[in-house]
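Q: Below: one structure in structure tokens.
The values are calculated or read from the model by the stated rules, or taken from the named source; none is laboratory data. What you see is a predicted model; the values in this text were computed from it and never measured. Using ideal geometry, Cβ is built from the backbone for each residue, glycine included, and neighbour counts are taken over all protein chains shown. These accessible areas exclude ligands, DNA and RNA; they are computed on the full protein's heavy atoms, side chains included. Shrake-Rupley method; radii C 1.70, N 1.55, O 1.52, S 1.80 Å.
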Amino acid sequence: SGDDDLNDRLAALSKGMGLDVELKYRYCHQSLANDVETLGTIIAEENIGLLVVDAKGAAVGGWINESRQTMSMYNALRSLNVTSIIIDHVSKENQDAPIGSIYNFNESRNIWKLRKTETNDPGTLILGLSNEKSNSGRKHPNMAMKFVFKDDEHGNVDTVWVSETEVEEHPDL
């Protein structure tokens, strides 16, 4: 995805949730450690309060099983002094842990697992969240979110409403 696509998605979510949120998108083509100075300048100049890294494999530099590259990414991220969300994948061998080096688990302050369940309504998506790790207190209880999509007259998603739903209603979550 690029900035136009992500801003369209954010606009639909903002409309459905009654929020006013702005996204600053930056395509990165090198590891976070190699790009940290430029990112730090942008974060300071734009007064950015949240950094979303999508996806961690690229931010590490492609060497996901190497602890040195993983620690370089986390150290670079820590130097930016900004709240961050890192999107990652699970390994095929262990669906309960992030893929790659054990430092992906050890260095994370919170780990949330996201699961999707199918619905009979093509305009509805149910996502389950489980808190797999928390460094500050006990883990949060599992939760589920319902996303309802409304298209505009051209078939593009125009509005997304988000509400909480009961995890117990969705056994596969």
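Q: For the stretch 6-19, check the following and say yes or no: at least one residue is outside any loop (DSSP other than H, G, I, E, B) and closer than 17 Å to Val60 by Cβ. Please lay out each step first, then the result.
A: Step one: list which residues in the stretch 6-19 are outside any loop (DSSP other than H, G, I, E, B), which gives 6-17.
Going one step further and asking which of them are closer than 17 Å to Val60 by Cβ, we end up with none.
Within the stretch 6-19, not a single residue is outside any loop (DSSP other than H, G, I, E, B) and closer than 17 Å to Val60 by Cβ.
Q: Just checking, does the stretch 1-10 include any residue being out of contact with any Ser or Thr (no Cβ under 9 Å at 6 or more places or on another chain), under 25 Å from His89 (Cα atoms), charged (D, E, K, R) and loosely packed, with under 12 Cβ neighbours inside 10 Å? Outline the logic, then answer.
A: Filtering the stretch 1-10 for residues out of contact with any Ser or Thr (no Cβ under 9 Å at 6 or more places or on another chain) gives 1-8, 10.
Now drop any that are not under 25 Å from His89 (Cα atoms), which leaves 1-8, 10.
Next, from what is left, pick out any that are charged (D, E, K, R): 3-5, 8.
In the following step, the residues that additionally are loosely packed, with under 12 Cβ neighbours inside 10 Å were identified as 4-5.
The answer is yes, given that some residue of the stretch 1-10 is out of contact with any Ser or Thr (no Cβ under 9 Å at 6 or more places or on another chain), under 25 Å from His89 (Cα atoms), charged (D, E, K, R) and loosely packed, with under 12 Cβ neighbours inside 10 Å.
Q: Looking only at residues in the stretch 55-78 that are surrounded by 14 or more Cβ atoms within 10 Å (Cβ to Cβ) and not in a helix (DSSP H, G or I), which one is farthest from the chain's Cα centre (by Cα)? If you could, list the steps in order and put the result at the bottom.
A: Start the filter on the stretch 55-78 by keeping residues that are surrounded by 14 or more Cβ atoms within 10 Å (Cβ to Cβ), which leaves 56-61, 63-64, 66-67, 69-74, 76-77.
Those still in the list that are not in a helix (DSSP H, G or I) too: 61, 63-64, 66.
On the way: Gly61: 18, Trp63: 20, Ile64: 17, Glu66: 22 Å.
Here the residue is Glu66.
Q: Now a separate question. What number of residues in the stretch 80-90 are part of a loop (DSSP other than H, G, I, E, B) and more than 19 Å from Ala58 (Cβ to Cβ)? First the steps, then the outcome.
A: Here is the first cut: in the stretch 80-90, the ones part of a loop (DSSP other than H, G, I, E, B) are 80-82, 88-89.
Remaining after also requiring more than 19 Å from Ala58 (Cβ to Cβ): 81.
Residues meeting the conditions: 1.
Q: Looking at Ile99, is it open to solvent by less than 60 Å² (accessible area, probe 1.4 Å), touching a strand residue (DSSP E or B) at 6+ places or on another chain (Cβ under 7 Å), modelled with pLDDT under 95 and not polar (S, T, N, Q)? Quick ask: steps written out before the conclusion?
A: On the way: open to solvent by less than 60 Å² (accessible area, probe 1.4 Å): yes; touching a strand residue (DSSP E or B) at 6+ places or on another chain (Cβ under 7 Å): yes; modelled with pLDDT under 95: yes; not polar (S, T, N, Q): yes.
Yes, satisfied.
Q: Of the conditions (1) over 30 Å from Glu66 (Cβ atoms); (2) touching a residue at least 40 places away in the same chain (Cβ under 8 Å), Leu125 satisfies every one except a single condition; which number is it?
A: Here Leu125 meets the rest and fails (2).
Q: Tally time: how many residues in the stretch 91-144 are assigned to a loop (DSSP other than H, G, I, E, B) and either of a type in the set (S, T, N, Q) or closer than 19 Å to Leu77 by Cα (or both)? Give the steps one after another, and end with the answer.
A: Our first condition is that a residue be assigned to a loop (DSSP other than H, G, I, E, B); within the stretch 91-144, this holds for 91-97, 99-102, 107-109, 118-123, 135-142.
Keeping just the survivors that are either of a type in the set (S, T, N, Q) or closer than 19 Å to Leu77 by Cα (or both) gives 91, 94-95, 99-102, 107-109, 119-120, 135-136, 142.
Looking only at that region, the number is 15.
Q: Looking only at the stretch 31-54, which residues are surrounded by 13 or more Cβ atoms within 10 Å (Cβ to Cβ), among the small types (Gly, Ala, Ser) and farther than 20 Å from Gly100 by Cβ?
A: So the first thing to find is which residues in the stretch 31-54 are surrounded by 13 or more Cβ atoms within 10 Å (Cβ to Cβ), and the list is 31-36, 39-40, 42-43, 48, 51, 53-54.
Add one more test, that the residue is among the small types (Gly, Ala, Ser), and what stays is 31, 33, 40.
Once the filter is applied, which keeps residues that are surrounded by 13 or more Cβ atoms within 10 Å (Cβ to Cβ), among the small types (Gly, Ala, Ser) and farther than 20 Å from Gly100 by Cβ, the stretch 31-54 yields only Gly40.
Q: If you don't mind, there's one more thing I want to ask. Being surrounded by 11 or more Cβ atoms within 10 Å (Cβ to Cβ), at pLDDT below 95 and part of a loop (DSSP other than H, G, I, E, B), is that true of even one residue in the stretch 151-173?
A: yes
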